[in-house]
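*Asks:* There's a structure below that I have some questions on.
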Amino acid sequence: MKPLLITLLYVFNAHTLRAAVPGAESLAKLIAHEFDTNSDDKLDQGEWQNGISGSFDKLDTNRDGSIKTDEVDALSNDIAAEAGDIGGVIIVALIKQVLLTLDTDKDKAVSRKEYDTLTDGIFTKLDTDKNSSLTLAELSELPEKILAK
Ligand SMILES: [Ca+2]
Ligand SMILES: [Ca+2]
Ligand SMILES: [Ca+2]
């Protein structure tokens, strides 16, 4: 009896974790809104690359060539204006979490080079149906796919 219950709990937990990275959908909408230059509700590889590249400059508010978490905090108001107050808080937390995983040399700042790893592998990883474009649903997997690394 006990092992079965534990197994069920484990499966349930694993499922819940998988399904709910808080803010993932709001973040996906924000990214789509920023990156989707031809407004077809999908991101092709070019839109993704330009978007990622442009978002580095946006996040690097003091223009010193690296992103620190307090720079993300400084964008809280802008993000909240886009996603609502609660959505904003969750998205800011999520972006910081993603940035931490990109900081491979652990100097508490994300350099352009570290950030660029988002461009290279992630598009392919997110494009689950391999049609070279990302839907909102595919984009919602972003935090999970990065954080699960
Ligand atoms: Ca598009
Ligand atoms: Ca770093
Ligand atoms: Ca796709």
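The values are calculated or read from the model by the stated rules, or taken from the named source; none is laboratory data. For clarity, every value in this text was computed on a predicted model and none was experimentally measured. Here the Cβ is made from the backbone with ideal geometry for all residues, glycine too, and neighbour counts use every protein chain on show.
*Asks:* Of all residues being charged (D, E, K, R) and more than 23 Å from G88 (Cβ to Cβ) in segment 27-44, which is nearest to ligand 3 (Cβ to nearest atom)? Just the residue, please.
*Replies:* That would be K42.
*Asks:* May I pose another question? Evaluate segment 83-97: report whether one residue or more is of a type outside the set (G, A, S), touching a Pro at 6+ places or on another chain (Cβ under 8 Å) and surrounded by fewer than 18 Cβ atoms within 10 Å (Cβ to Cβ).
*Replies:* Yes, there is a match, as at least one residue in segment 83-97 is of a type outside the set (G, A, S), touching a Pro at 6+ places or on another chain (Cβ under 8 Å) and surrounded by fewer than 18 Cβ atoms within 10 Å (Cβ to Cβ).
*Asks:* Looking at segment 50-65, which of the residues that are in contact with a strand residue (DSSP E or B) (Cβ under 8 Å, 6 or more places away or on another chain) and not in a helix (DSSP H, G or I) is surrounded by the most Cβ atoms within 10 Å (Cβ to Cβ)? So that I can check it myself, show each step before the final result.
*Replies:* Within segment 50-65, the subset in contact with a strand residue (DSSP E or B) (Cβ under 8 Å, 6 or more places away or on another chain) is 51, 56, 59-60, 65.
Remaining after also requiring not in a helix (DSSP H, G or I): 60, 65.
On the way: D60: 19, G65: 11.
Step by step, filter segment 50-65, then rank; the result is D60.
*Asks:* Please specify each residue of segment 100-128 satisfying the condition of being within 16 Å of ligand 1 (Cβ to nearest atom) and acidic (D, E).
*Replies:* Across segment 100-128, the qualifying residue is only D127.
*Asks:* Against the condition under 19 Å from D60 (Cα atoms) and within 16 Å of ligand 2 (Cβ to nearest atom), how does D78 come out, does it pass?
*Replies:* Details: under 19 Å from D60 (Cα atoms): yes; within 16 Å of ligand 2 (Cβ to nearest atom): no.
Here the answer is no, as D78 does not meet what is asked.
*Asks:* Does T69 satisfy the criteria of being of a type outside the set (A, V, I, L, M, F, W, C) and away from ligand 1 (no atom under 16 Å from the Cβ)?
*Replies:* Judged against the criteria, T69 is a match.
*Asks:* Here is a follow-up. If you check K29, K2, K68, which single one turns out to be surrounded by fewer than 19 Cβ atoms within 10 Å (Cβ to Cβ) and either within 18 Å of L136 (Cα to Cα) or at pLDDT 90 or above (or both)?
*Replies:* Sole residue among the options that is surrounded by fewer than 19 Cβ atoms within 10 Å (Cβ to Cβ) and either within 18 Å of L136 (Cα to Cα) or at pLDDT 90 or above (or both): K29.
*Asks:* Considering each of D116, D127, D107, D103 in turn, give the residue that is within 16 Å of ligand 2 (Cβ to nearest atom) and crowded, with 17+ Cβ neighbours inside 10 Å.
*Replies:* D103
*Asks:* Go through segment 31-49 and give me each residue that's assigned to a helix (DSSP H, G or I) and either within 16 Å of ligand 2 (Cβ to nearest atom) or not β-branched (V, I, T) (or both).
*Replies:* Matches in segment 31-49: A32, H33, E34, F35, Q45, G46, E47, W48, Q49.
*Asks:* Another one. Report yes if some residue within segment 125-142 is in a loop (DSSP other than H, G, I, E, B) and under 12 Å from the mean Cα position of the chain (by Cα); otherwise report no. Show your work before the answer.
*Replies:* Our first condition is that a residue be in a loop (DSSP other than H, G, I, E, B); within segment 125-142, this holds for 127-132, 135, 140-141.
With the extra rule that they be under 12 Å from the mean Cα position of the chain (by Cα), the set shrinks to 140-141.
Scanning segment 125-142 turns up at least one residue that is in a loop (DSSP other than H, G, I, E, B) and under 12 Å from the mean Cα position of the chain (by Cα).
The rows are residues; the columns are (1) within 16 Å of G51 (Cβ to Cβ); (2) assigned to a helix (DSSP H, G or I); (3) of a type in the set (D, E, K, R).
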{"residue": "D70", "(1), (2), (3)": "no, yes, yes"}
{"residue": "Q97", "(1), (2), (3)": "no, yes, no"}
{"residue": "T104", "(1), (2), (3)": "no, no, no"}
{"residue": "L118", "(1), (2), (3)": "yes, yes, no"}
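*Asks:* So L139 ticks every box in (1) without any contact (Cβ under 8 Å) to a residue 40 or more places away in the chain; (2) in contact with a strand residue (DSSP E or B) (Cβ under 9 Å, 6 or more places away or on another chain); (3) more than 16 Å from ligand 2 (Cβ to nearest atom) but one. Which box is left unticked?
*Replies:* (1)
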